[in-house]
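Data first, discussion second: the structure below is written as structure tokens.
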Amino acid sequence: MNNILEIEFKGRRKEFAANPMQFPFQPGDPAIIEVERGQDLGKVSHLGWRPGMESDKAPELAVIRKAMANDLKILDQNRQRESEAKRTGKQKIQDHHLDMKLVDVELQWDGRKMTFYFTSEGRVDFRELVKDLAGTFRTRIDLRQIGARDETKRTSGYGICGRPLCCATFLTEFKPITTQMPRDQFLPLNPSKLSGVCGRLKCCLRYELDVYREFQRSCPKVGHSVKDEAKGEGLVEKLDVMREQIQIRYGGGDTERYTPQEFVELTNWRPEMPKSECICTCGKKDSAVRVPAARQAPAEEPHQAIEPSASGERVTLLAGGGIGMQSQGGTGEIQVGTNLDVPARKEGKKRRKRRKRGGQKNPSATPGAAPAASSGDDGDDD
């Protein structure tokens, strides 16, 4: 059994009521409710509290009993009286020259109170109107000023999507809608496209707002400058929320699409980076996943053979560096490495060879001087 019931009255007006007698209600069952002044008839729309609307306080209304067939007949008679009261109320408003629009009239089930709902641009002094209506209908009169959204909720209708209005079907409360919401969803700020039947911003602008804002937290802002080593400078052109991709357009007309994870790996962008700072991709594309095929190094081979020479010898390039030579018969094999230690020539031998080639004496000797002593090897020059 449910101790709390949500009751819907005329004009989609919903209130929570306690069920102290533990009646086994189902959604759609009519019930007699004890209100502030008398009794009213409503329909059970939900069992228990709505998610996010729980309260520790007990509801002010209480369920008395289930509605019977005779109770529903009284309700039909009240609806006829409400139509007549609405026509009379519009005439009274014109007679008193009041700047207000009568939207709806609701008569309480026991007939003890009649509520007139109206809209107006400002405050209205309707004291004389209340006295006139109370003398006409002989009951308690209550005038309530409502907004444009509440007016559309009571009158209902169809939206541009072709379905019944959200406020007239399932919305239980109106939440504020701001012009920043369509901006976050990259929608054009066109009042004719963003306004609903009520003339205010559509309530459905909140439905997907959290998804867009969550995706934008992991992406750079549209218009952020990007610099690529190969393609030059570009801008973040679009954030595709449906595909979860970031589109970048470069100065040459090329476009690239990345997921948020790939974009973070390819660039130096971080969420705290200001929009005035350029995003750089230099030095990170070589180690990332998206490397062009032309830049990939070929697989290293163990060795590369060279065609045999005319003399029947085979020359081979070794993997570790160096040259290998093998004769045609395979009896002899020579390998030469890259680290070869060649002894340095002595300075004395170099001087002796220069003297042999030139055939000249020591240029440092002066004319008339005795020849310098030489080693035993110099005697071979004679």
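The number of residues in the range 14-67 being acidic (Asp, Glu) and in contact with a Pro (Cβ under 6 Å, 6 or more places away or on another chain) comes to 0. No other residue among Ala31, Ala17 is farther than 23 Å from Thr152 by Cβ, out of contact with any Phe, Trp or Tyr (no Cβ under 9 Å at 6 or more places or on another chain) and in a strand (DSSP E or B) apart from Ala17. Just to verify a result, which residue in the range 107-145, among those that are touching a residue at least 40 places away in the same chain (Cβ under 8 Å) and in a helix (DSSP H, G or I), is farthest from the chain's Cα centre (by Cα)? Checking each candidate, the answer is Thr136.
Contact map, the range 266-278: residues that are in contact (Cβ under 8 Å) with a residue 40 or more places away in the chain paired with residues that are of a type in the set (A, V, I, L, M), Cβ distance under 9 Å, separation 6+ or inter-chain. Pairs shown: Thr267/Val226; Thr267/Ile279; Trp269/Val226; Trp269/Ile279; Met273/Ile279; Cys278/Val226. When restricted to residues that are more than 14 Å from the chain's Cα centre (by Cα) and surrounded by 12 or more Cβ atoms within 10 Å (Cβ to Cβ), the range 187-233 contains 20. For the residues Asn70, Asn78, the requirement of being over 20 Å from Gly11 (Cα atoms) and in a helix (DSSP H, G or I) singles out Asn70.
Here the range 146-183 is the region considered, the condition is being among the polar types (S, T, N, Q), touching a residue at least 40 places away in the same chain (Cβ under 8 Å) and under 25 Å from Arg123 (Cα atoms), and the residue that is surrounded by the fewest Cβ atoms within 10 Å (Cβ to Cβ) is Thr155.
Taking the listed residues Phe126, Phe116, Phe137, the one that is surrounded by 13 or more Cβ atoms within 10 Å (Cβ to Cβ), modelled with pLDDT of 95 or more and not β-branched (Val, Ile, Thr) is Phe116, with no other qualifying.
Residue count for the range 85-94, restricted to those that are touching a residue at least 24 places away in the same chain (Cβ under 8 Å) and not polar (S, T, N, Q): 4.
Restricting the range 29-84 to residues that are aliphatic (A, V, I, L, M) and without any contact (Cβ under 8 Å) to a residue 24 or more places away in the chain, which is surrounded by the fewest Cβ atoms within 10 Å (Cβ to Cβ)? Among residues in the range 29-84 that are aliphatic (A, V, I, L, M) and without any contact (Cβ under 8 Å) to a residue 24 or more places away in the chain, the one surrounded by the fewest Cβ atoms within 10 Å (Cβ to Cβ) is Ala69. Within the range 89-106, restricting attention to residues that are under 30 Å from Ala31 (Cα atoms) and either more than 48 Å from the chain's Cα centre (by Cα) or not aliphatic (A, V, I, L, M) (or both), the residue that is surrounded by the most Cβ atoms within 10 Å (Cβ to Cβ) is Gly89.
The values are calculated or read from the model by the stated rules, or taken from the named source; none is laboratory data. Bear in mind that the values here come from a model prediction, so they are computed numbers and not experimental data. A quick note on method: Cβ atoms are made from the backbone with ideal geometry, for glycine too, and the neighbour counts reach across all protein chains shown.
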